Every structure is written in structure tokens, then in C-alpha cells.
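Notes follow once the structure below has been shown.
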């Protein structure tokens, strides 16, 4: 059973409610139908009911089992309105401005997630990444042990010798432009926590670079990784997280055991067998992930947002229906064990 099929089976045993702020988008409607057909959740589409029904009719898609919500007609507006006072960015705004903020479907969806009206959120189909993330980062609090919210992209490809049976977890490809050593360590550890939950195996985390264990790390990016590595190891130990870290590593040294041996890395628990790749900055992460998608045609899911207290994802505007469905499944799976992912308890057994 593939990585994705295994997660889908887990979700089918305990379906979750997934909200989509851009409910009118044809790809979202098609993905929502797949969620119902595969019996893995209840999709909640935000938007004008008549427009969603029209789009579904044009696509010849049934809407039975799919919930449609119009924020402007929802009784939740009255509940959400005073909640905005607890958000520094919105506190003190006039009532009419708060009302307008709530009519923004991304804000409304984030508040639905925060208050437990849904279990997961998938947005970004029709807006820029920064626009979608803004609502999430302002409304959903960070986890207590996390200083830096980031993102994770999941790459699922046919070469099962790479990563975890062909699956790789990439971070951060969507949020932090130039992370500091502390931020880089935070990204690595919070991603490893999420990976441990998804694969129920030890995360092997490689800090990627243009050099492998350089003798003279004179470049700032190498120095940053060298500083981040022990911080990440200490953070993981403090959390009781069973994960291995190594860096700085070139991509081939991280994934290819032959190259790892050639570079005298036989003693490394990560080199040649990494399943988590941490990029030194957003430039390298975003470019690499887009190249793999476009040139190699590999299946990707995400970005899953890491470090917030609720499961959410920000997809690309170029996402296909199956990408959206897959991302929804992976995001909802994070709600299967919220105590492990978002609580303060021991993480010794992620199963």
C-alpha cells in the first residue's frame, strides 16, 4: 500500500470536516466530490450557494453530502465578531470594519477552524500565497513550542529507493524567505514532528546546501546551517522526538547512498537516506520544488502549514484536482491525533 493510500485508509476510518474558502472554484468542487466518493470526510464549501450550484451543474457533479455555507448569511458572524478583539491586528477596529473582515471567506474559514466547527482547512486556489497565509497566521495561534510557522511540501514519486519508499518531505518552500539559524532549526524540528506522525517512522532530516561538510564554511549560508544543526538536535531532544539530523549536505549526498559513501559519510544516520529535506532559504526551496513538479511531473501535496495549532494547507493557484484532493487528505489526517501534534505531551510514540 502506498504512502497516500495508507493515509487515506486511516482517514476513512475517522472522516474529518474540511473547509474550502474558495468553494466556487471548479477544482474545489471536483475535489469535494472525491472526498465524498472516497468516504474520507465532509467538505464544507464557502461561497454563494447559487454560484456553487451553477458550477456543479456545469461540471455534472452532485452536491449531496457536500455542505455549502454563505458567511454573510451565517449565524456564526455574531459569534466570531467579538473574537476579533483578541487578535492584535483587529482589536479596536470599528464594528463595520470587523464585519467586513468576517465576510472575507479566508478569515471566516480560519475562524471556523479555530473554533472547532471544522477539523482542517485548505485554501489558496484563487489567491496569492501571501493573501491566503495572512488569514491563517493572524487568526490561528502558533504551537507553544514553536517560534516559527513554516510550510512543508510532500513529494511522492516512483523511485522507491529515494526518501521513504519514494516519498520526500520538503521544507520550507513557501513561507520564510531567509530563515535565521534558530528559525531553520525550528523549521527542521516542527517538520520532523509532522513527518513522524504521517509515516510513523523516524524522520531523517538533511539540511541542504551547495557543499557537504565543508572544511572551510566561509559562506553565510553554510555557517547558518552549521549553527542550526545543534540547535535542532537540542530542540528535538527536549521534545522527546526520535529524529536524526545532519548537515550541511548536498542533495545527492543526502539521497544517494553511493554518493554518501564516496564523500566519507558512511557513519551518518541521514546521508544517503534522508526523507526530510530542509532548504537554506525560500529561493532554493521554491525553485527546487517547482522544477520537480514541472520537469519531472512528480506528484506533490501541500503546502501544509507547520507550527500552527490547527491543521491547514495553502495550495498553489496552479494545483490540479488530484493535488487538491491529496492535500485535503493529508491535512485532515493531521486532525486524527491532535494531542500528539498540537499538545504538550510526550512524543515517544507517534502511532
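The values are calculated or read from the model by the stated rules, or taken from the named source; none is laboratory data. Treat the numbers as computed from the prediction; the structure is a model and nothing was measured. Cβ sites come from the backbone with ideal geometry, for glycine too, and all protein chains shown count toward neighbours.
Quick look at the numbers
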| item | result |
| --- | --- |
| Members of the stretch 142-161 found to be surrounded by fewer than 22 Cβ atoms within 10 Å (Cβ to Cβ), part of a loop (DSSP other than H, G, I, E, B) and touching a helix residue (DSSP H, G or I) at 6+ places or on another chain (Cβ under 8 Å), listed by number | 143, 145, 146, 147, 148, 157 |
| Some residue of the stretch 184-197 being surrounded by fewer than 21 Cβ atoms within 10 Å (Cβ to Cβ) and at pLDDT below 90 | yes |
| Members of the stretch 57-80 found to be modelled with pLDDT of 90 or more and either farther than 30 Å from residue 39 by Cα or assigned to a loop (DSSP other than H, G, I, E, B) (or both), listed by number | 60, 61, 62, 63, 64, 65, 66, 70 |
| Helices (runs of 4 or more DSSP H) enclosed by the stretch 162-269 - at least 3 residues per element that are over 20 Å from the mean Cα position of the chain (by Cα) | 220-239, 251-255, 257-262 |
| Filtered residues of the stretch 81-123 (kept if in a strand (DSSP E or B) and at pLDDT below 80) | none |
| Failed condition for residue 123, given (1) outside the structural domain of residue 325 (by TED's automatic domain parsing); (2) closer than 27 Å to residue 294 by Cβ | (1) |
| Selected residue (criterion: surrounded by the most Cβ atoms within 10 Å (Cβ to Cβ)) from residues of the stretch 1-28 that are assigned to a helix (DSSP H, G or I) and touching a strand residue (DSSP E or B) at 6+ places or on another chain (Cβ under 7 Å) | 28 |
| Hits in the stretch 282-315 (condition: closer than 17 Å to residue 155 by Cβ, under 12 Å from the mean Cα position of the chain (by Cα) and in a loop (DSSP other than H, G, I, E, B)) | 315 |
